[in-house]
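Data block below; observations after.
The values are calculated or read from the model by the stated rules, or taken from the named source; none is laboratory data. As the structure is a computational prediction, the values presented were derived from the model and not from experiment. Please note: Cβ atoms are built from the backbone with ideal geometry, for glycine as well, and neighbour counts cover all protein chains shown. Each accessible area value is taken on the protein alone, full model and side chains, heavy atoms only, with ligands, DNA and RNA left out. Shrake-Rupley method; radii C 1.70, N 1.55, O 1.52, S 1.80 Å.
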Amino acid sequence: SYQGLPWVLVATTTDGGQWLKAPASGTSPGAGAVSVDATFLCAGTYKGTVTITARGALPPTIAIPVQLVVQPSGASVTPGVDAGGLVNAASFSSLSGSAPGSLVSLFGTNLSASNLAGGLPWPTLLAGTSVAFNGVAVPLNFVSPAQINFQIPWEVAAFGPLSLAVNAGGAVGCSKTQPAISSFSPGIFATNAAGQGAILIANTALLATAGTGGRPATAGDYLSI
């Protein structure tokens with residue numbers, strides 16, 4: 001009696017990011033594929049749900065609980081994130097002031113086997129290292145054993161706690177729950193430890209400063225920030 005009913009599969013997870021995937025739809029009778037991506041999951045137990053919705057069926061919705069157990073990788077060296085080590089790349093302030101599209105610096109240990117900068121477009125895998133927010137791989141600008149610079153993906157929702165994971169050569173650093181990020185977060189890069197802003201007299205290499213390598217801005221000047 002349920003021939004020809006349209007159905008939809010939706011996957012949700014409670015931790016570890018979007019490791020459970022079931023983007024499927026069809027018409028009964030039919031099959032929908034459910035898959036798991038454990039690339040950015042640390043050892044542990046993770047829970048999720050696959051929900052099947054078919055209007056006209058009784059009941060119209062069925063929720064199927066899913067449990068995934070990830071075993072330790074066996075790697076001798078595991079990447080680790082320093083406490084407070086995820087910061088805005090411009091100001092080095094807390095990530096709570098950052099937004100999707102922002103540049104971020106991550107500090108820790110064993111984050112990469114070598115130092116390497118990425119060319120444009122920035123790759124999501126650099127020197128064997130990748131980073132993810134809520135299971136979304138981030139574009140990497142630079143990786144090293146102690147620091148990674150990257151961009152927060154635009155696909156990451158602007159609000160809500162974020163799950164961070166670092167995969168270095170197949171060893172996954174345990175996810176860190178970060179504060180919610182905001183929708184907008186302007187910031188000005190500094191050129192030195194004294195806090196001189198990266199503000200130039202437009203179309204020159206001169207900093208807008210009375211110090212070395214620049215000149216003070218005057219009325220009518222165009223500036224590049």
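List of remarks:
- Whole-Å distance, taken between Cα centres, linking the stretch 148-225 and the stretch 121-146: 17
- Near Ser175, the amide H atoms lying under 5 Å from its own belong to Cys42; only residues 5 or more places off or on other chains count, and H is placed 1.01 Å from N.
- Accessible surface, per residue, of the stretch 69-211 when the full set of protein chains is kept, probe 1.4 Å, Å²: 48
- Taking 7 Å steps out from each Cα toward its Cβ at Thr212 and Ala63 produces label points 6.4 nm apart.
- Percent accessible area from carbon and sulfur atoms, the chain, protein chains only, probe 1.4 Å: 60
- Projecting the Cα atoms of Val70, Gly195, Gly26 onto the charge dipole of the chain (Cβ charges, centred on the Cα centre) puts Gly26 farthest toward the positive pole.
- Relative frequency of Cα-Cα separations exceeding 24 Å in the stretch 124-222, percent: 46
- Using Cβ point charges alone (K and R +1, D and E -1), the dipole size of the chain about the Cα centre works out to roughly 200 debye.
- Across the stretch 20-30, coupling constants 3J(HN,Hα) worked out from phi with the 6.51/-1.76/1.60 Karplus curve, θ = phi - 60°, read 9, 10, 8, x, 9, 8, x, 10, 6, x, x Hz, and Gly and Pro carry x.
- Computed label-point distance, nm, for sites Gln3 and Phe184 using a 7 Å Cα→Cβ extension: 5.7
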